[in-house]
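Some notes on the structure that comes next.
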Amino acid sequence: MAYNTETFIKKVKEKLGSKVSTLDFSDVVYVSSSDRVTVHCSEHGTFTPQARSLTSGRGCPKCKNRMTPDKFIDDCAKALGAKFYTIEIDKNKFVGIEEKIEVKCVYHGVFTPQARSLTSGRGCPKCKQEKTHKEYIKEALKINGNIYDLSKVKYTRRDRPITVICKEHGEFNILPKDFLNKNLKSKCPHCKQPIYTSMSINTLKLNEHKDDYCILYSLKFTHIENNEKFYKVGITTKGIIDRFKQIRKYYKIEVIDLYEGTLLDCKEKEEQLLSENEFFKYTPKEKIGGYTECLSKPTYFTLH
């Protein structure tokens, strides 16, 4: 249908219905359906659509996107589903569907998306990056193999510890990201602490090995049957868990503290600690290696 300016405006008003109440067509000059015309919106100012968009019933684009804060919240709830309950939206900060709005994720803090993205079902971008439980287990097995029992792992978020079972030492808790760390050769806190050794430091030629890596340790021993408790200070240069192998059937052994340094450094600090705690020396009821280094009170290193 061929229009002139007058018939064009008449057609537009018929097509727009109630939406025409905010529009001023006084500067419209119709040339063709593909040419742009100048229209004024009383709320949003001037816009210049193609003539055909007006005859198709499309008015002010900003009025089209107008939404009340309550309607915005309702649309967010419908679009986000369960994700809606992990974010906090202040409806008083809503100014328009195309504008950014400050939102707070209960897990990751504040982010500022375009309001439209929320009504489209897109929530916190960091939550979106979270792995599913199945994906996490698959990656954990790929990195760690079958070294650990993952039957108690319940992965929900990267910042919530998981329970893993070491086949040697039992259950331990670890952050999900640390369990996937390829640079950690052992994830079990007991396996990676080389605190027992079958190699007696007394047999070493100290001068030849004084710069070797060494660990000074403090352990707690609790008798399984009679609840006897005592503590032991010692040093080790290897990670062979066999020094106390024979007495582990009598005692539960826990790590109290560790200090890393050279063999000479650790040996000197061990002698200093034993000298300072001479009054608390203790003789265990069961024979253990290094029993002269046992104490009746815990020893914490203030040497780090």
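The values are calculated or read from the model by the stated rules, or taken from the named source; none is laboratory data. Remember, predicted model here, so these are calculated numbers, not experimental data. A quick note on method: Cβ atoms are made from the backbone with ideal geometry, for glycine too, and the neighbour counts reach across all protein chains shown.
Miscellaneous remarks
- Among the candidates Asp90, Asp149, Asp178, the residue that is exposed (fewer than 15 other Cβ atoms within 10 Å of the Cβ), within 17 Å of Ala77 (Cα to Cα) and of a type in the set (Asp, Glu) is uniquely Asp90.
- Residue selected from the range 1-19 under the condition crowded, with 16+ Cβ neighbours inside 10 Å and not charged (D, E, K, R), by the criterion modelled with the lowest pLDDT: Leu16
- Which numbered condition Phe172 fails, given (1) over 30 Å from Ser296 (Cα atoms); (2) modelled with pLDDT of 80 or more: (1)
- For the range 215-229, the tally of residues that are of a type outside the set (D, E, K, R) and surrounded by fewer than 21 Cβ atoms within 10 Å (Cβ to Cβ) stands at 6.
- Which numbered condition Lys220 fails, given (1) of a type in the set (Lys, Arg); (2) at pLDDT 85 or above; (3) assigned to a loop (DSSP other than H, G, I, E, B): (3)
- Qualifying positions in the range 102-121 - surrounded by fewer than 17 Cβ atoms within 10 Å (Cβ to Cβ) and in contact (Cβ under 8 Å) with a residue 40 or more places away in the chain: Tyr107, Ser120, Gly121
- The range 284-296 residues that are hydroxyl-bearing (Ser, Thr, Tyr), paired with ones that are not in a helix (DSSP H, G or I) (beta carbon under 7 Å, 6 or more apart): Tyr291/Thr283; Tyr291/Pro284; Ser296/Phe230; Ser296/Tyr282
- Candidates in the range 204-217 are the residues that are among the hydrophobic types (A, V, I, L, M, F, W, C) and out of contact with any strand residue (DSSP E or B) (no Cβ under 6 Å at 6 or more places or on another chain); of these, the one that is modelled with the highest pLDDT is Leu206.
- Arg157 farther than 24 Å from Thr68 by Cβ and of a type outside the set (A, V, I, L, M): yes
- Exactly one residue out of Thr46, Thr22 is β-branched (Val, Ile, Thr), modelled with pLDDT under 90 and within 20 Å of Val95 (Cα to Cα), and it is Thr22.
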